[in-house]
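First up is the structure itself, then whatever we jot down about it.
The values are calculated or read from the model by the stated rules, or taken from the named source; none is laboratory data. As the structure is a computational prediction, the values presented were derived from the model and not from experiment. Here Cβ is always computed from backbone atoms with ideal geometry, including for glycine, and neighbour counts include all displayed protein chains. Each accessible area value is taken on the protein alone, full model and side chains, heavy atoms only, with ligands, DNA and RNA left out. Shrake-Rupley method; radii C 1.70, N 1.55, O 1.52, S 1.80 Å.
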Amino acid sequence: MNTQSSPPVSLTVAKFGGTSVADFSAMDRCADIVLADPSVRVVVVSASSGVTNLLVALSAGIADSTQRLALLGQIAEIQYRILDALGRPAEVAASLDLLLTEMDKHSAALALQSNDARRVDALLSLGEQCSSLLFAELLRQRGEPARSRDAREVMRTDHHHGRATPQVAELAQLAQGLWGPVLNEERTVTQGFIGADAEGNTTTLGRGGSDYSAALLAEALGADNLAIWTDVDGIYSCDPRLVSAARPIPELSFDEAAEMATFGAKVLHPATILPAVRSGCAVFVGCSREPEKGGTWIRSRAQLAPVFRAIALRRNQTLLTVHSLNMLHAQGFLAELFAILARHRISVDLITTSEVSVALTLDSTGSDSSGRELLTEALLEELRQMCRVEVETGLSLVAVIGNRIANTAGIGKRVFEVLEDHNIRMICQGASPHNLCFLVGAEEVDSVVQQLHGRLLEG
Ligand code: ADP
Ligand code: ASP
Ligand code: MG
């Protein structure tokens, strides 16, 4: 990013999360950030805080019309407050009314038939459509040429509603062709989280997907920097809401940041780092309320590479254990198991095996936009055809993240000393030099993380 006036010498894609665009004054602070940096040509916004949760509630199909209208009323209030602060310009008001009418139409239809995945995505996409419309107007009112552009023009995905996979090559072609030529004329404000399949149906990338959208657009447009503006001044050594002694990390490598995002540091959607690694785009994470505090820079290599960098945790983990005597000295059992999971679009992360059983964790983070269960009865039934299946819930995954973890003597001792009194349900270490992971009961995880942070990262 640079602080020069025009012409921009580099390209930055800036993403503002839900709390950053929660209301007019929050949006106004985001406008300060955008206007201070001429390299920010593309702005990706989330829905205003709370709006996606309300849309998810509506997407479940609310039959009671009083209740349904009350939820719609809450969304309208959030959006109209911002519109009022903008002086209710007629054209923007008319566009916003159209979006709110769409919400009403889709939520009414879903009340009658809630399993229409295509309609669910159409409904969920409306939060980002509202916030981008309002933010572009705010920039214009601050004297900056800006236009709200529909992300669905360029964010081509497959047709898997609720957790669509971006089609990177088509996205690059569309973004360069349609948006590339106008980047220097006006700031493009667009929606995170949403895309469209080849037939033009609206899709979504899964909860928290706006970070991923911004990273994909940065890659597609060959941006130099991706700035993720949120409600914390960087990536901390642990979630600061859980560990008050956690500290912001000034610089992280792509590898470390990818591990943190994957293992639950909610500040980045798990897939965000991937496009940045592919394109070599540097990523900045900072706080839109206090941009002067600085934040975290993520680059291919960080100057420091400490053994212990951070601790991440992921709640609501499911442990799936499959047992089968057919595994004994057999070939192809795991291949068959993973083929079934892949068919059901389950991404497996941790695995341990014994001679006759395999235990694996399933993650719901960054899952389906509507929050629907990943482990369906259909999947379990298919697995039961080949093995005995056990499902355990109420678990949390803790990841100790750093460097050379697999090659440094004494790591296990330091970590497991803290865990002496706890029942560790599963341990994974060795595949990556950057993490050591284990599962513990949900009721003990907060204290486990606090103690580990104290022992490994404080003092
Ligand atoms: P946004 O709406 O801007 O996308 P999120 O709520 O998705 O913001 O992510 C920001 C939150 O991530 C923070 O408020 C913080 O509680 C949480 N978080 C979890 N782990 C970390 C971490 N290691 N560093 C910073 N924030 C973290
Ligand atoms: N609005 C979406 C959500 O709340 C996407 C995002 O904010 O990243 O999940
Ligand atoms: Mg987020």
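Database remark: amide H of Gly206 closer than 5 angstrom to the amide H of Ala164, Ser369 (H placed geometrically; neighbours at sequence offset of 5 or more, or on other chains; Pro and chain starts carry no H). Note on Met386 and Lys105: their simple-model spin labels are 4.4 nm apart, each label 7 Å out from Cα toward Cβ.
Relative contact order for the chain: 14 percent, from Cα pairs under 8 Å spaced at least 6 residues apart, divided by residue count.
Between Glu144 and any residue 5 or more places off or on another chain, the built amide H atoms are never under 5 Å apart. Taking amide H atoms as placed 1.01 Å from N in the peptide plane, the amide H of Ile228 lies under 5 Å from those of Lys15, Phe284, Val285, Gly286, each 5 or more residues away in sequence or on another chain. The residues of the stretch 291-404 have, on average, 50 Å² of accessible surface per residue, using a 1.4 Å probe with all protein chains present. Listed by chain and number, the lysines whose C-alpha is less than 16 Å from the C-alpha of Lys266, apart from same-chain residues fewer than 8 away, are Lys15.
Counted over the chain, the DSSP beta bridges are approximately 60% antiparallel. For Cα pairs less than 8 Å apart in space and 6+ apart in sequence, what is the mean separation divided by the residue count of the stretch 275-337, i.e. the relative contact order in percent? Relative contact order of the stretch 275-337: 19 percent.
Model label sites at Ser447 and Val168, defined 7 Å from Cα along the beta-carbon direction, differ in position by 4.4 nm.
Counting only protein heavy atoms and a 1.4 Å probe, tell me what percentage of the stretch 177-306's accessible area is made up of carbon and sulfur. Don't skip to the end; give the middle numbers.
Working: 2380 of 4820 Å².
Carbon and sulfur: 49 percent of the exposed surface of the stretch 177-306.
Using the Cβ-Cβ distance between His159 and Glu355 with R0 set to 41 Å, the FRET efficiency from 1/(1 + (r/R0)^6) comes to roughly 0.50.
Charges were assigned to the Cβ only: +1 to each Lys and Arg, -1 to each Asp and Glu. The resulting dipole of the chain about its Cα centre is roughly 560 debye. The phi torsions of the stretch 305-310, fed into the Karplus equation with coefficients 6.51, -1.76 and 1.60 and a -60° offset, translate into couplings of 9, x, 5, 10, 10, 6 Hz, rounded to whole numbers, with Gly and Pro shown as x.
Hey, what D do you get for the chain in µm²/s if you plug the Kirkwood alpha-carbon radius into Stokes-Einstein at 37 °C and 0.692 mPa s? Display every interim value, and only then the final one.
Details: Rh = 23.2 Å.
My calculation gives 141 µm²/s for D.
Karplus-derived 3J(HN,Hα) values for the stretch 198-213, using 6.51 cos²θ - 1.76 cosθ + 1.60 with θ = phi - 60°, are 4, 8, x, 6, 5, 10, 10, 9, x, 4, x, x, 5, 4, 5, 4 Hz; glycine and proline are entered as x. Each Lys and Arg Cβ is given +1 and each Asp and Glu Cβ -1; about its Cα centre, the stretch 92-224 then shows a dipole of about 180 debye.
When the accessible area of the stretch 1-104 is computed with all protein chains present and a 1.4 Å probe, what percentage of it is carbon and sulfur? Accessible surface attributable to carbon and sulfur in the stretch 1-104 totals 54 percent. Surface exposure of the stretch 4-152, expressed per residue as accessible area with a 1.4 Å probe, stands at 40 Å².
Listed highest first by mean packing, meaning other Cβ atoms within 10 Å per residue, what order do 214-226, 131-143 come in? Please report the intermediate quantities before stating the final value.
Working: 214-226: 25.8, 131-143: 21.3.
Top to bottom by mean Cβ count within 10 Å: 214-226, 131-143.
Quick one: grab the alpha carbon gyration tensor of the stretch 104-163, order the square roots of its eigenvalues as a ≥ b ≥ c, and give me rounded if a/c is under 1.5, else prolate or oblate depending on whether a/b is larger than b/c. Spell out each step's value before the answer.
Working: a/c = 4.84, a/b = 1.91, b/c = 2.54.
The shape class here is oblate.
Here the accessible area is traced with a 1.4 Å probe on the protein chains. For the stretch 349-459, carbon and sulfur cover 47 percent of it. Couplings for the stretch 340-350, taken from phi via the Karplus curve 6.51 cos²θ - 1.76 cosθ + 1.60 with θ = phi - 60°, read 5, 4, 5, 4, 8, 6, 9, 9, 9, 10, 9 Hz in order; Gly and Pro are left as x.
Mind checking the dipole of the stretch 375-452: about its Cα centre, +1 per Lys or Arg Cβ, -1 per Asp or Glu Cβ, Debye to the nearest 20? Please report the intermediate quantities before stating the final value.
Details: 6 positive and 11 negative charges, 103 e Å.
It comes to approximately 500 debye.
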